Amino acid sequence: MTRRLPRSLALILMLAMAAPVLSGCWDQVEIEDRALVLGLSIDKVSAKEAEKGDEVTHIHDDHLPAEMISVTAQIAVPGRVPLGPGSGGGNPGDDKTSPVWVVSVRGISLDDAMNNLQQQIADPRYLVHLRIIIISEDIARGNLEELNDYLRRNPEIRRRTWLLVSEGKASDFMDVNPPLQRVPTLYILSMMEKSVSSGKFPRDYIGTFWSADTKWGQSAYLPYVALRNRDNILIKGLAYFSGGRMVNKTDPIEIGGFMALKGIDPGGYSTLFHTNKMGIVMTKINERFTRTRSYIKDGKPFLSYQVFLEADLDEHYGSNIPVDSSAKLQEIERDFEEQVRSILTGLVKQTQKDHSDIFGMGEMIRSHHPAYWKEHIHDKDDWESLYSSTEVDIQMKLHIRRVGLKDQ
Amino acid sequence: MNNLRQITTLRAAAVISSTIIGVGILSFPRYMALAGNSSAPFIAFSGVVLSFLSYWLLASLCQRFPKESLFVFSRRLIGRPLATVFTAVILILFITLTGITTRQFGDVATTVLYKKTPIEATIFLMLLVSLLSSRRNVVKFSYIHFFYLPLIVGSIVLTILISLKSVDLLNLQPILMSPTLEFWNGAREASYLFQSSFVITLLIPFMEKPKHAFRAGALAIIMSGAIYVLIVIASVGMFGAEETKLLIYPTLEMARSAAFGEGFLERLDAIFIIIWVISVYTTVYTTYYISAYLMQNLFALRDQSMAASMLLPLIFALAMLPPNVFEAYKWILHLGNAGMALMVGYPLLLWIAYFIRRAGKEASS
């Protein structure tokens with residue numbers, strides 16, 4: 001018994017010491033004490049306006065760039081973000097009940113701006129729930145290096161965040177007030193996700209963008225969006241990049257063309273075109289499939305694409321000739337093939353002019369002709385300039401499978 | 001306690017593979033991509049083959065002395081002083097390995113998980129847990145590994161399977177590469193991850209069938225090798241070789257990007273990180289255990305638990321030595337180099353001594 005006593009005493013002491021360790025996390029922060037940033041928009045500030053910085057991260061220094069950016073953040077207000085449709089939440093237009101708080105700050109870099117933001121709000125900001133970043137076209141056309149570095153380095157940012165390029169001011173998107181969702185960024189998010197699942201846009205997260213940007217044989221692209229009627233967001237095309245800067249953008253229908261060339265399913269675009277004999281026809285593409293081959297011909301890369309599309313006949317008007325036989329369907333198919341082929345060739349030509357290989361043709365050459373690649377390509381610029389003189393052959397095959405409920 | 005031979009072949013294999021799968025999985029694809037771009041999986045595979053060979057060299061030697069561990073029979077083969085020197089070098093190697101591995105763990109944990117928790121706390125806790133478990137005997141040691149292995153392998157394989165659907169096969173072509181200097185360096189670096197298969201030397205005297213030691217290790221290396229190769233395939237295939245080179249922890253990024261369906265089951269990285277912590281624990285546990293065992297052996301201490309406790313401050317100090325994450329990685333590479341030389345050189349030396357002695361015995365009889 002006398003020998004047992006010290007041992008049990010020691011045990012009790014150890015258990016008592018273990019108790020505080022079991023009580024919880026070292027760096028727990030209650031959710032009410034977090035400023036969760038849901039969306040960010042980044043605009044350029046003209047040099048004239050940029051005079052006054054807040055100098056939170058630096059004292060005036062001539063070596064730092066003079067240009068500034070303006071960052072607008074949408075911060076979720078705890079307790080006011082509705083969990084489901086119709087459960088609580090206030091009117092977004094009303095500052096007192098809005099589920100989000102929109103804060104605007106300026107800074108030399110994104111990190112500088114985020115520090116300025118932190119200086120202005122009480123709760124520590126968290127980017128873990130950041131889903132949407134919108135940058136203005138000015139920013140995209142400038143150097144994205146700083147932005148990419150900060151976002152890649154920060155462990156809170158996920159590669160499944162959407163990065164969008166906006167026509168005009170990006171901060172306008174933080175103020176949209178769509179009736180379908182209470183939180184504007186969540187609306188933009190669900191819009192992008194749904195456009196992916198309905199074949200309107202390729203899955204192009206910031207991670208996809210980064211991967212394409214680093215690959216030597218491919219150039220990056222981003223969704224290009226615009227505001228209509230103040231509250232509506234239009235996916236206006238692809239903003240494509242060359243040498244790390246945005247160089248140009250496509251039309252919306254060319255997104256469909258791009259997806260057809262890449263063979264991305266499901267099909268989602270409809271084409272309205274004029275046929276030679278049967279008036280105006282509209283077809284809706286349901287499935288895309290593409291076979292790609294690459295060759296080296298006379299010391300030059302050569303790519304051939306065979307695009308197979310399956311479609312519905314959606315609309316037919318402006319002519320008295322009924323569509324009632326397979327011969328007539330085939331005629332429509334031929335007219336479609338001819339016209340869409342010219343859209344695709346036009347898109348390829350345009351990107352070649354801009355030295356932006358969004359199709360990843362270089363990656364195809366790299367993986368299938370490594371010897372040629374090693375000899376000719378020594379960095380990304382080499383391919384982007386060679387891309388312009390690459391020959392591309394596109395074959396189309398459309399198959400109309402359904403014509404709807406109307407006979408003739 | 002009468003029957004000391006309690007470790008089955010399968011359990012020995014579990015110990016080895018859960019030891020191999022450790023802190024390295026997070027950064028492994030980056031090294032492979034640096035060495036061979038799109039041929040990264042091929043390099044990883046070659047590394048597995050290399051480590052397989054070096055394991056065979058060690059295990060087949062140990063199988064010839066089923067009753068003793070390496071440190072005991074080496075005294076008979078090359079003489080007590082030389083054997084002591086080698087044992088001491090291996091001890092230093094494993095102590096440093098334990099320290100730097102824990103440090104790497106702490107770096108990841110404080111960067112990604114606990115931003116405000118001081119790195120000292122994470123490192124100390126990990127070492128404390130390893131210390132407490134190292135005080136147990138080798139049979140319990142094998143049970144602990146056997147228990148955790150399905151958890152580790154299962155969740156890593158699940159993450160890989162989910163990620164495989166976003167793999168772009170173009171990123172993985174061309175598959176093969178010519179055996180240049182970079183190729184061999186990459187394969188060598190890959191084989192470093194498998195060095196802890198050295199633990200078999202401790203297990204053999206307690207194995208049910210010591211003759212199956214090689215089989216156990218082969219099973220373990222094939223399984224963990226497959227996981228490593230799959231991880232490289234998934235992350236290089238998902239990000240492309242150039243992007244993989246930019247990321248400090250490509251595997252973690254892979255887990256962070258993985259998602260089931262659309263927004264249905266996202267953020268698998270939380271589960272992945274928890275499992276990863278366990279896999280680090282099993283690795284640190286093994287190297288800690290080896291260090292404690294060697295120390296007891298070397299200084300003829302009465303029991304291993306005391307050796308384990310004495311090691312804690314030393315290992316903790318070692319873990320705090322590298323000033324930043326780049327230094328830590330540089331150290332681990334140097335350690336790998338030293339380990340490689342030792343793990344191949346020492347068994348070779350013992351083999352030579354073994355043959356000479358046998359020849360001498362036959363000549364005398």
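Bear in mind that the values in this text are calculations on the coordinates, not laboratory data. Here the structure is a predicted model, which is why all the values come from computation and not from measurement. Cβ: placed from backbone, ideal geometry, glycine included. Neighbour counts: every protein chain shown.
Taking the stretch B:108-119 as the range and being out of contact with any Leu (no Cβ under 8 Å at 6 or more places or on another chain) and surrounded by 22 or more Cβ atoms within 10 Å (Cβ to Cβ) as the test, only B:A109 passes. Of the listed requirements (1) surrounded by fewer than 18 Cβ atoms within 10 Å (Cβ to Cβ); (2) within 14 Å of chain A (Cβ to nearest Cβ); (3) among the polar types (S, T, N, Q), B:T122 misses just one: (1).
In the stretch A:252-259, the condition of being within 22 Å of B:L169 (Cα to Cα) and touching an Asp or Glu at 6+ places or on another chain (Cβ under 9 Å) is met by at least one residue. Consider the stretch B:95-114 and keep the residues that are more than 16 Å from B:N324 (Cα to Cα) and more than 18 Å from the chain's Cα centre (by Cα). The one that is farthest from the other protein chains (Cβ to nearest Cβ) is B:L113. Scanning the stretch A:307-331 for residues that are surrounded by fewer than 17 Cβ atoms within 10 Å (Cβ to Cβ) and of a type in the set (A, V, I, L, M, F, W, C) gives A:F308, A:I321, A:A327. Scanning the stretch A:184-219 for residues that are touching a helix residue (DSSP H, G or I) at 6+ places or on another chain (Cβ under 8 Å), among the small types (G, A, S) and not in a helix (DSSP H, G or I) turns up A:G199, A:G217, A:S219.
A:S367 fulfils the conditions (1) touching a residue at least 40 places away in the same chain (Cβ under 8 Å); (2) farther than 23 Å from A:A239 by Cα; (3) touching a helix residue (DSSP H, G or I) at 6+ places or on another chain (Cβ under 7 Å); (4) of a type in the set (G, A, S) except for a single criterion, (1).
Taking B:M207 as the residue in question, decide whether it is within 14 Å of chain A (Cβ to nearest Cβ) and touching a residue at least 24 places away in the same chain (Cβ under 8 Å). No: the conditions fail for B:M207. Restricting attention to the stretch B:284-339 and to residues that are part of a loop (DSSP other than H, G, I, E, B) and on the phi < 0 side of the Ramachandran plot, the residue that is surrounded by the most Cβ atoms within 10 Å (Cβ to Cβ) turns out to be B:P322. Candidates in the stretch A:220-230 are the residues that are of a type outside the set (A, V, I, L, M) and not in a loop (DSSP other than H, G, I, E, B); of these, the one that is farthest from the other protein chains (Cβ to nearest Cβ) is A:R228. Only one of the numbered conditions (1) buried (at least 24 other Cβ atoms within 10 Å of the Cβ); (2) out of contact with any helix residue (DSSP H, G or I) (no Cβ under 8 Å at 6 or more places or on another chain) is not met by B:T8, and that is (1). I'd like to check something: does the stretch A:261-281 contain any residue that is outside any strand (DSSP E or B), polar (S, T, N, Q), surrounded by 18 or more Cβ atoms within 10 Å (Cβ to Cβ) and touching a residue at least 40 places away in the same chain (Cβ under 8 Å)? Yes: one or more hits.
Quick check on the stretch B:180-191. Is at least one of its residues among the acidic types (D, E) and either away from chain A (no Cβ under 11 Å) or not in a helix (DSSP H, G or I) (or both)? The answer is yes, given that some residue of the stretch B:180-191 is among the acidic types (D, E) and either away from chain A (no Cβ under 11 Å) or not in a helix (DSSP H, G or I) (or both).
Checking the structure you have, find out if any residue of the stretch B:256-267 is in contact (Cβ under 8 Å) with a residue 60 or more places away in the chain, over 20 Å from the mean Cα position of the chain (by Cα), within 14 Å of another protein chain (Cβ to nearest Cβ) and assigned to a helix (DSSP H, G or I). Among the residues of the stretch B:256-267, at least one is in contact (Cβ under 8 Å) with a residue 60 or more places away in the chain, over 20 Å from the mean Cα position of the chain (by Cα), within 14 Å of another protein chain (Cβ to nearest Cβ) and assigned to a helix (DSSP H, G or I), which makes the answer yes.
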